[in-house]
Each structure stands twice: as structure tokens, then as C-alpha cells.
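In what follows, a structure is listed as C-alpha cells, so that the remarks can point back to it.
The values are calculated or read from the model by the stated rules, or taken from the named source; none is laboratory data. The structure displayed is predicted, hence computed values, not measured ones. When we count neighbours, we look across all protein chains shown, and the Cβ atoms used for this are built from the backbone with ideal geometry, even at glycine.
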Amino acid sequence: MKKRMLYIVLFLILIMIIGYFCNEGAVDTDFAHKNIGPSFYYPFGTDWMGRNLFFRTLRGLSISLFIGIIASSISAFIALFIGMTAVFGGKKADAIVTWMIDFMMGLPHLLLLIVLSMAVGRELKGVILSIALTHWTSFARLIRSELFQLKEKNYIKIAEKLGKGKVYIFQKHMLVHLLPQFIVGWVLLFPHAILHESSMTFLGFGLSSEQPAIGILLSESMQYLVTGRWWPAVFPGLFLVIIVLLLYCLGKDLQKYISQK
């Protein structure tokens, strides 16, 4: 299990590194070689402008992984702060937090993402912030529940009676138990962040068309499917699914590994 997790992490890091250096190749146009199917020189074929889809797919995946890392990290720390507020802020704070979570979860998720992305200016900043500000709800509920259970432990009650402060109790007695669940939850936010980034971009509300993002590639490929040019849609879509499944497996393996400790 540990080897599989290591291989997945190394593969994702490799995709990000290679994708970073594919930026120039992803935007180079060659109209003399447009709409070429998969071949030895062009493994994923070329698009309607003669751009190499192999380089564009790798670059798009690296962008998605970068967005996933930043957005899921922000969202995870928002969830942690919200959960701590509910537990240490008293009954009124807990009631407000519970209402906020229920309210956010009751809103149409994709619509909320689009509205927030448009409000903060779309592009990379808008996509990251919209994902980060909408993906904390379920994780915050989990952290809140975990902290409430820890708060009922005898050693926590003894520490409170000894006059220890809330910050001290959290750092010394709760954080060590919460950290494994926090890491697993953070990793499991990745696939959701990547899928929603691609969905927003596909619908035209995410990254600009100048970026070789996976959503852009899939959106551009739709008009060529009816003409039999399947490769602009199949390869980017297939690798997006593979990346999402690998992240999901990484989170589940990490969860099983921690539970065995």
C-alpha cells in the first residue's frame, strides 16, 4: 500500500514537472500539420491549429493539479477554522456554523462556483477562490464532529479543569489526533477541485481560452466529434479521469493506512 501511494505521488509530481516545461510546445501552432490523428510523432494527434495535443494535455493536467493543490489547501484550512469555531466558540457559534454549512450545501454547487468565479474576475484567481470557498462544507462538518468527540475525552476534561487554555488544549491534545483525518480529507478534496475546475472551464466560466486547460481542450473538441475527429476529446478526457481516480485511490489508501496505525 505504501509503495502504491509513493508511486502515485511520484507520478503526479512528474506530470506537474513535465507539464510545466511543455508550455511552449502546448501553444505552438503549425497549420501544415493540423487535424492529424495519433501517430508516432504526434502520440495524441494535433488540433485544428496544428498544436500538439500531447503537450497540451500534459500542460492542462499540470494546471489542473496546481489549481487542485492551492484550492484544496485553502478549503481545508477554512474547514479547520470553521470546525474549531464551532467547538470552541460556544453553542451560539456552533449553531451559526451548522446553519452556514447547511445553507452552503443547499445551494446548487456548480451555479455557486460560476457566480463566485465571475465575481472575482474568472481566470486563475477566480477559479481557485471559487473552488476554495465552496468545497469546505463537508470537510468542516467532519472536523467539527471529530473535535466534539475529542472534547468529551477524559484527558481533555482534566486539562480544562487544570485551567489550560483552548489553544493549548488544541495544540497539545487534539491536533495529534486530528492531523491524520485532516491530511486524508485534504487529499480527497483534490479530485473534486480538479473536476470542478475542468467543468467550469468547459462551460466557459473558468480559465481563458488562451490557457491549454483540460476544460478548454474538451470544449474545443466538441465541434469536431461529429466529423470523426475523436482524438482531441478522448485523450484529454481519458487522462483527466485517470488523474482523478489516482487522487481518489491515494486518499483512500492513505485513509486505510492511517486507520491501521
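In table form, for the structure just shown:
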{"quantity": "Residue within the range 163-186 that is in a helix (DSSP H, G or I) and of a type in the set (K, R) present", "calculated": "yes"}
{"quantity": "For A26: the one exception among (1) closer than 30 Å to Q255 by Cα; (2) in contact (Cβ under 8 Å) with a residue 60 or more places away in the chain; (3) surrounded by 14 or more Cβ atoms within 10 Å (Cβ to Cβ)", "calculated": "(1)"}
{"quantity": "Residue pairs meeting the criteria (Cβ under 7 Å; at least 6 apart or on separate chains; first touching a residue at least 12 places away in the same chain (Cβ under 8 Å), in the range 106-132; second exposed (fewer than 13 other Cβ atoms within 10 Å of the Cβ) and not aliphatic (A, V, I, L, M))", "calculated": "E123/S208"}
{"quantity": "Residues of the range 154-183 classified as modelled with pLDDT of 80 or more and of a type in the set (S, T, N, Q), total", "calculated": "2"}
{"quantity": "Evaluation of M16 against (1) assigned to a helix (DSSP H, G or I); (2) modelled with pLDDT under 90 (one fails), failing number", "calculated": "(2)"}
{"quantity": "Qualifying positions in the range 103-141 - closer than 30 Å to H177 by Cα, buried (at least 17 other Cβ atoms within 10 Å of the Cβ) and not polar (S, T, N, Q)", "calculated": "M104, I128, L129, I131, A132, L133, H135, W136, F139, A140, R141"}
{"quantity": "Check on L188, under 24 Å from L80 (Cα atoms), buried (at least 17 other Cβ atoms within 10 Å of the Cβ) and under 13 Å from the mean Cα position of the chain (by Cα)", "calculated": "yes"}
